[in-house]
Amino acid sequence: MYRMAILSLCSEDTDLDISKCVMLAVVHDLAEATAGDITPDEGISKEDKGRLEEAAMRNFTTEMLHDSPAAKRILSLWRVRRSPS
């Protein structure tokens with residue numbers, strides 16, 4: 001956990017927004033903390049994985065953070081991470 005955030009901090013690429021990279025990496029780990037780090041070898045479809053992660057993020061942002069401004073920021077970052085490149 002948090003390996004991608006640490007790697008982001010270590011980057012020397014001046015074209016990257018390091019702060020945003022770190023935030024995206026941390027938000028990525030939030031969904032996996034509940035849904036698990038599901039790999040393709042586990043036989044779970046992308047759709048099911050997406051539903052599990054969506055439910056985890058909804059629980060975190062709605063139930064735990066009560067749709068606060070921080071919750072909205074986290075959910076927005078999570079959606080950026082999930083959007084096609």
Residue by residue through the stretch 1-52, note down the ones that are touching a Lys or Arg at 6+ places or on another chain (Cβ under 7 Å) and of a type in the set (A, V, I, L, M). Leu24, Val27, Ile38
Are any of the residues in the stretch 42-49 assigned to a loop (DSSP other than H, G, I, E, B) and in contact with a helix residue (DSSP H, G or I) (Cβ under 7 Å, 6 or more places away or on another chain)? no
Single residue of the stretch 60-85 satisfying the filter (open to solvent by less than 70 Å² (accessible area, probe 1.4 Å) and among the polar types (S, T, N, Q)) that is modelled with the lowest pLDDT: Ser83
Residue within the stretch 8-29 that is open to solvent by 40 Å² or more (accessible area, probe 1.4 Å), among the small types (Gly, Ala, Ser), without any contact (Cβ under 8 Å) to a residue 12 or more places away in the chain and not in a loop (DSSP other than H, G, I, E, B) present: yes
Only one of Glu47, Glu32 is within 15 Å of the chain's Cα centre (by Cα), within 15 Å of Arg82 (Cα to Cα) and either of a type outside the set (Lys, Arg) or exposed (fewer than 14 other Cβ atoms within 10 Å of the Cβ) (or both), namely Glu32
Given the structure, is Gly50 over 28 Å from Thr62 (Cβ atoms) and of a type in the set (Gly, Ala, Ser)? no
Look at the stretch 1-29 and say how many of its residues are farther than 19 Å from Ser83 by Cβ, of a type in the set (A, V, I, L, M, F, W, C) and within 12 Å of the chain's Cα centre (by Cα). 2
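The values are calculated or read from the model by the stated rules, or taken from the named source; none is laboratory data. Since the structure is predicted, the reported quantities are computational estimates derived from the model, not experimental observations. Reconstructed Cβ throughout: ideal geometry from the backbone, glycine too, with neighbour counts over all protein chains shown. Surface accessibility is based on the protein's heavy atoms, side chains included, excluding ligands, DNA and RNA. Shrake-Rupley method; radii C 1.70, N 1.55, O 1.52, S 1.80 Å.
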